[in-house]
Amino acid sequence: MPPQPLSRSRVLEAAIRVADRGGVEAITMRRVAQELGVEAMSLYHHVPNKDAILDGVVDMAFAAIELPDATLGDWRAAIRVRANSARAVLSRHSWALGLMDSRRDPGPATLRHHDAVLGVLRRAGFTLPMAAHAVSLLDSYVGGYVLQEANLPISSPDEIEDVAGGILEHLPEEGLPYLTELIVEHALRPGYDHTSEFAYGLDLILDALEARRNR
């Protein structure tokens, strides 16, 4: 089979793979070219420079996030879908967290995404300032949660017992009653899943925004 010809989308997909392995700082023209098995100079036929690659991968990240469905008739449900999708995409590409708000030349998917989110809120009756506040709050929550989750020493519910049990075993002799209570009566209870905390926090935010919307 002949080699697949280079294209802008292939270059950006290769850059995403590079970033997934080494972070955004790993994206260079040379490394992206190596990922594709070509010479760096050949990339310039499709992207003018590294900045164009960064703009492009950000736009691809936004394109992967599910747009809120304005036809649902329920702004909370629409925003919840978008928040869960954003969390999933950013969990796969955590390097995008510090990059998504830094670009000065947003691409079409980025602009379409922001317009769709604002549209759901505005049609739901949010004032323009409240819609802006809501977007900032929701994005801060999703980004902060993804960052926190990426740094947790556990990646699945099955690991909680080992980590929590180890902390419990090494607590000081004088005891820390509230921390002990949290570990024993909450984290180590059957069925506890730390990933469910995202939905709980998101619902609190949506409840608060709904209360403000109704004022």
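Available extension along the chain between ALA199 and GLU161 is 11.5 nm, counting 0.36 nm per residue and deducting the alpha carbon span.
Counting protein heavy atoms only, the chain has 54 percent of its accessible area on carbon and sulfur, 1.4 angstrom probe.
Two numbers describe the Cα atoms of the chain: Rg and Dmax, which are 21.5, 70 Å.
Average projection, convex hull of the Cα set of the range 96-215: 10.7 square nanometres. As a calculated quantity, the FRET efficiency between GLN34 and SER7 at R0 = 22 Å, using C-beta atoms, amounts to about 0.80.
Taking Cα centre as origin and charging only the Cβ of basic (Lys, Arg, +1) and acidic (Asp, Glu, -1) residues, the dipole magnitude of the chain rounds to 1400 debye. Spacing of the modelled spin labels on TYR178 and SER136, each 7 Å from Cα toward Cβ, amounts to 3.0 nm. Listed by number, the DSSP H helices of the chain that run 15 Å or longer by alpha-carbon position along their axis and have mean Kyte hydropathy of at least 1.0 come to an empty list.
Entry note: the range 1-72 has Rg to Rh equal to 1.07, where both radii use alpha-carbon atoms and Rh is the Kirkwood radius. Which one of GLY56, ALA19, HIS46 has its Cα pushed farthest toward the positive end of the charge dipole of the chain, where Lys and Arg give +1 and Asp and Glu give -1 at the Cβ? Toward the positive end, the furthest listed residue is HIS46. Secondary-structure-derived ellipticity at 222 nm for the chain, considering helices only, amounts to -19500 deg cm²/dmol, per-run term -39500 (n - 2.57) for DSSP H runs with n ≥ 4.
Remark on the range 36-142: Rg and Dmax equal 16.0, 53 Å (Cα only). Taking Cα centre as origin and charging only the Cβ of basic (Lys, Arg, +1) and acidic (Asp, Glu, -1) residues, the dipole magnitude of the range 110-215 rounds to 1240 debye. Accessible surface computed residue by residue for the range 34-165, with neighbouring protein chains in place and a 1.4 Å probe, gives 54 Å² per residue.
The values are calculated or read from the model by the stated rules, or taken from the named source; none is laboratory data. What you see is a predicted model, and the numbers here were worked out from it, not measured in a lab. Positions of Cβ are generated from backbone atoms using ideal geometry, with glycine treated the same way; all protein chains shown enter the neighbour counts. Please note that ligands, DNA and RNA were not included when accessible areas were found on the heavy atoms of the full protein model with its side chains. Shrake-Rupley method; radii C 1.70, N 1.55, O 1.52, S 1.80 Å.
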